[in-house]
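> Can you read through this structure? Questions will come right after.
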Amino acid sequence: QQQVKQSPQSLIVQKGGIPIINCAYENTAFDYFPWYQQFPGKGPALLIAIRPDVSEKKEGRFTISFNKSAKQFSLHIMDSQPGDSATYFCAASRSFAGSEKLVFGKGTKLTVNP
Amino acid sequence: KAGVTQTPRYLIKTRGQQVTLSCSPISGHRSVSWYQQTPGQGLQFLFEYFSETQRNKGNFPGRFSGRQFSNSRSEMNVSTLELGDSALYLCASSSPEAGAETQYFGPGTRLLVL
């Protein structure tokens, strides 16, 4: 049973556009929601993370929006650049000691055209 | 601090063989998790070790095993390799000081089973 559903699978935008990637989760015990960015041949790198006690978090050009009642969260990339072309993964976990297990979405391949 | 390192980076094996992958976590991190990444299944949790003890285990057959040493370095072993074991194996480390749920990934070991 997939516990984190991510959409779309792929996304193409023009430079300066605002790609939006959406994720939905099922387990209400999840309380930590990170986004990872992965370039070909590299491991995933933590981009930004949010907890359910806030509805939005911004770090540079990256923003997470969180809707606890709908069990959904999304990543917005402002002023996207060709260098942002990568695969993005949302994830969820329970943040108590002894539960270092991330459940990942299937990933979104983002292409930003110049 | 140096990041998570994994060796070897690439590996080619034949069916029926066994393989051992190594992971050195970020200095001071005591939790090491292993994930399998494939195009079809995405990122899937294998197991997590903390202070030399396995704390969590994913839904993988017993052919997949691991261990952690007193210096927090971890190894993963796959016995009786199958074609379907071809994947990128990722190791991630975390630390209560950084927030136990914040996992930092290594570059991965790409395993090809022929």
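All of the numbers you see were taken from the coordinates with simple rules; none came from a lab. Because the structure is predicted, anything quoted here is derived from the model rather than measured. Reconstructed Cβ throughout: ideal geometry from the backbone, glycine too, with neighbour counts over all protein chains shown.
> Expressed as a whole number of Å, what is the distance separating the alpha-carbon centroids of region B:26-71 and region A:4-20?
30
> Between B:Thr53 and B:Ile12, how many nm apart are label points set 7 Å from Cα along the C-beta direction?
In this crude label model, B:Thr53 to B:Ile12 measures out at 4.3 nm.
> For A:Ser85, what charge total do you get from the other residues with a beta carbon under 15 Å from its beta carbon, if Lys and Arg give +1 and Asp and Glu give -1?
+2
> I would also like to ask the following. To make sure I understand the rule: partners must be lysines, Cα under 18 Å from the Cα of A:Lys42, and not fewer than 8 residues away in the same chain. Which ones qualify?
Within reach: A:Lys106, A:Lys109.
> What translational D, rounded to a whole number of µm²/s, comes out for the protein assembly as shown from Stokes-Einstein when the hydrodynamic radius is the Kirkwood one over Cα pairs, at 37 °C and 0.692 mPa s?
182
> Taking chain B as a Gaussian network, where each spring joins two C-alpha atoms under 10 Å apart, which residue of B:Arg73, B:Arg15, B:Arg30 fluctuates the most?
B:Arg15
> If you keep only loop residues by DSSP, which chymotrypsin sites (Phe, Trp or Tyr not before Pro) in region B:16-114 have at most 15 other Cβ atoms within 10 Å of their Cβ?
B:Phe69
> When we measure straight from the Cα of A:Lys57, which aspartates and glutamates land under 16 angstrom away, once same-chain ones fewer than 8 places off are left out?
Candidates past the 8-residue exclusion: A:Asp31.
> Still on this structure: Using Cα springs under 10 Å in a Gaussian network model of chain A, which residue among A:Ile21, A:Ile12, A:Ile50 shows the largest mean-square fluctuation?
A:Ile12
> Of all beta bridges DSSP finds with both residues in chain B, what is the antiparallel percent, to the nearest 5?
90
> OK, next. Using the basic label-point model (7 angstrom from Cα toward the beta carbon), what is the A:Met78 to B:Asn71 distance in nanometres?
4.5
> Beyond 24 Å between alpha-carbons counts as too far, so tell me which of A:Lys71/B:Lys1; A:Lys15/A:Lys58; A:Lys5/A:Lys68 fall in that bin. Kindly include the intermediate steps, with their values, before the conclusion.
Numbers: A:Lys71/B:Lys1 36 Å; A:Lys15/A:Lys58 20 Å; A:Lys5/A:Lys68 15 Å.
With Cα atoms farther than 24 Å apart: A:Lys71/B:Lys1.
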